[in-house]
Amino acid sequence: MQRMMKAAGLAVVLAGLSAAPSMAQELKIALIASKTGPLEAYAKQTETGFMLGLEYLTKGSMTWQGKKIKVLVKDDQFKPDLAKTLLEQSYADDKVDIAVGTTGSGAALAMLPIAAEYKKVLVVEPAVADAITGANWNRYIFRTARNSMQDAYAGAAALPKDGEVNVAMLAQDYAFGRDGVKAVKDALAQIRPNVKVVFEEYAPVQATDFTASAQRLFDALKDKPGKKIISIIWAGPHPLPKIADLKPERFGIELAPGGNILPVMKLYKPYPGMEGAVYYYYDFPKNPMNDWLVAEHTKRFNSPPDFFTAGGMAAASAVLSAVQRAGGSNTEKLIAAMEGMAFDTPKGTMIFRKEDHQAMQPMYHFRVKKNGKNDNDLLELVQTITESEMPLPIRNKR
C-alpha cells in the first residue's frame with residue numbers, strides 16, 4: 001500500500017512537471033469589452049478586429065514566439081465596477097500575461113488602478129477619455145485608441161481657418177462627453193482661435209428625445225454672426241436625424257456630427273457635403289494590413305471593417321509587437337519595449353509616446369459623398385490629419 005501511495009504521489013509530481021512547460025508555452029490575453037449595454041456594437045467590432053489581428057499577424061497559426069495564444073473574452077456590461085472585478089480576476093485567477101479593454105471610458109478609468117496593483121500591462125482600447133492617459137494614468141497603461149484630445153484636434157482641423165465661427169456643443173453627460181467638449185475647447189484655442197464655443201449641452205447617455213436640447217442649441221446660435229455649427233460628440237444611437245428634423249437650417253445652422261461606426265454614418269447620407277473628422281474609415285488608409293482587413297472582413301461578413309474593428313486590430317498588433325520586442329511577457333520588459341515602440345495598424349504606423357503611452361496616429365478629415373456606389377460608400381477624404389497637426393499636451397503625473 002505504501003509503495004502504491006508513493007507511486008501515485010510520484011505520478012502526481014511528474015504530471016505537474018509535465019504540465020508546467022505546457023502552461024509556460026501559452027500567451028494568455030484578457031479582452032474585456034462592453035458586449036451588452038449601449039455600446040454593444042462597438043465592443044463586438046473590437047473583438048472581431050482583435051481576433052482578425054491575431055490571425056493576420058500569426059498567419060493563422062495563433063502562436064507567437066513559440067507560445068499558443070489564448071484569449072479570454074469578458075463582458076463588463078458597460079459597468080465600471082464589473083470591469084474592475086473582471087480585470088482583477090484576469091490578473092489574479094486567470095494569470096493572464098496582458099489585458100486589453102474596455103469600451104466605455106468610465107469602465108476603463110475604473111480598471112486603471114487594478115493594473116497598477118497587480119503590476120500588469122493594460123492596453124486600453126477603445127475608450128477615449130483624456131484622463132486615461134492623463135490625470136488617472138499609471139505606468140502600466142498603454143492606449144492604442146485615440147483620446148478625446150486627438151478627436152478634438154482632428155475636428156478642429158476640419159473647421160474653417162478664417163472668418164468668425166460659432167459652435168454649440170452637444171455631448172453625453174459622462175466622462176466621454178465632458179472630456180470631449182473640454183478637449184474641443186482646448187484644441188480650438190490652439191489651432192482655430194477664430195472658432196468659439198458659445199454653448200454646451202449635456203444629455204443623458206441613453207437619451208432619445210432631443211427636442212428640448214435642440215431648442216437650447218438653436219437659441220444659443222441663431223443670433224450669432226458668421227458661420228454657426230452644432231458639433232455633436234456621441235457614442236451609441238445618434239441624435240443627428242432628430243436634430244436635423246427640427247430644421248436648424250432655418251437659422252443658418254449647420255451640423256457637424258463627427259466620425260462614427262458605419263451604421264451611424266449611414267444616417268449622414270441625406271446631408272451630402274457635411275464635413276467632419278474620423279478616426280478610421282475603411283477606404284482611407286492605404287497599406288498592406290488595411291488591404292487585408294478590408295478584403296477579409298468583406299469576404300467573411302459581407303461588409304467592410306468598421307471604426308472599432310480597426311482599433312481591435314491595432315491593439316492585437318501592439319500586444320504581439322510588444323511580446324516580440326520584449327522577448328516574452330515579463331511586465332518590466334514589456335514596458336521598456338513598448339515605450340516609444342512603433343507598430344503596424346490598419347491606419348498605418350502608430351507609436352506609443354514614451355511620456356504617457358498614448359498611441360500617436362493620424363486622423364482623417366472627411367466630406368459626406370453626394371452619390372455613393374452603395375450603402376457603405378459614404379465618405380470622401382479631404383485630407384489626412386497628421387500627428388504634427390495635433391500637438392497633444394502631456395497631462396499625466398509621471
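The values are calculated or read from the model by the stated rules, or taken from the named source; none is laboratory data. Predicted model only: the values in this text are computed from it and were never measured. So basically every Cβ, Gly included, is an ideal-geometry build from the backbone, and we count neighbours across all protein chains shown.
The conditions are (1) among the charged types (D, E, K, R); (2) surrounded by fewer than 21 Cβ atoms within 10 Å (Cβ to Cβ); (3) in contact with a Leu (Cβ under 8 Å, 6 or more places away or on another chain), and Asp93 fails exactly one of them. Which is it?
Among (1) among the charged types (D, E, K, R); (2) surrounded by fewer than 21 Cβ atoms within 10 Å (Cβ to Cβ); (3) in contact with a Leu (Cβ under 8 Å, 6 or more places away or on another chain), Asp93 violates only (3).
Looking at (1) of a type outside the set (Asp, Glu); (2) surrounded by fewer than 20 Cβ atoms within 10 Å (Cβ to Cβ); (3) modelled with pLDDT of 95 or more, which is the only condition Leu54 fails?
Among (1) of a type outside the set (Asp, Glu); (2) surrounded by fewer than 20 Cβ atoms within 10 Å (Cβ to Cβ); (3) modelled with pLDDT of 95 or more, Leu54 violates only (2).
Is it the case, given these coordinates, that Ala295 is in the same structural domain as Gly53 (by TED's automatic domain parsing), touching an Asp or Glu at 6+ places or on another chain (Cβ under 6 Å) and aliphatic (A, V, I, L, M)?
For Ala295, the condition - in the same structural domain as Gly53 (by TED's automatic domain parsing), touching an Asp or Glu at 6+ places or on another chain (Cβ under 6 Å) and aliphatic (A, V, I, L, M) - is not met.
Just the residues that are out of contact with any His (no Cβ under 9 Å at 6 or more places or on another chain) and of a type in the set (S, T, N, Q), please, taken from segment 221-271.
The one that is out of contact with any His (no Cβ under 9 Å at 6 or more places or on another chain) and of a type in the set (S, T, N, Q): Ser231.
Look at Arg325 and say whether it is in a strand (DSSP E or B), of a type in the set (D, E, K, R) and over 16 Å from Glu125 (Cα atoms).
Considered against the rule, which asks whether it is in a strand (DSSP E or B), of a type in the set (D, E, K, R) and over 16 Å from Glu125 (Cα atoms), Arg325 comes out as no.
Restricting to segment 290-307, give me the number of residues that are over 19 Å from Tyr42 (Cβ atoms) and touching a helix residue (DSSP H, G or I) at 6+ places or on another chain (Cβ under 7 Å).
Number of matching residues: 2.
So in segment 183-200, with the set limited to residues that are in contact with a strand residue (DSSP E or B) (Cβ under 7 Å, 6 or more places away or on another chain) and hydrophobic (A, V, I, L, M, F, W, C), which one is surrounded by the fewest Cβ atoms within 10 Å (Cβ to Cβ)?
It comes out as Val198.
For residues that are within 18 Å of Asn260 (Cβ to Cβ), aliphatic (A, V, I, L, M) and modelled with pLDDT of 95 or more, tally how many sit in segment 33-51.
Number satisfying all stated conditions: 2.
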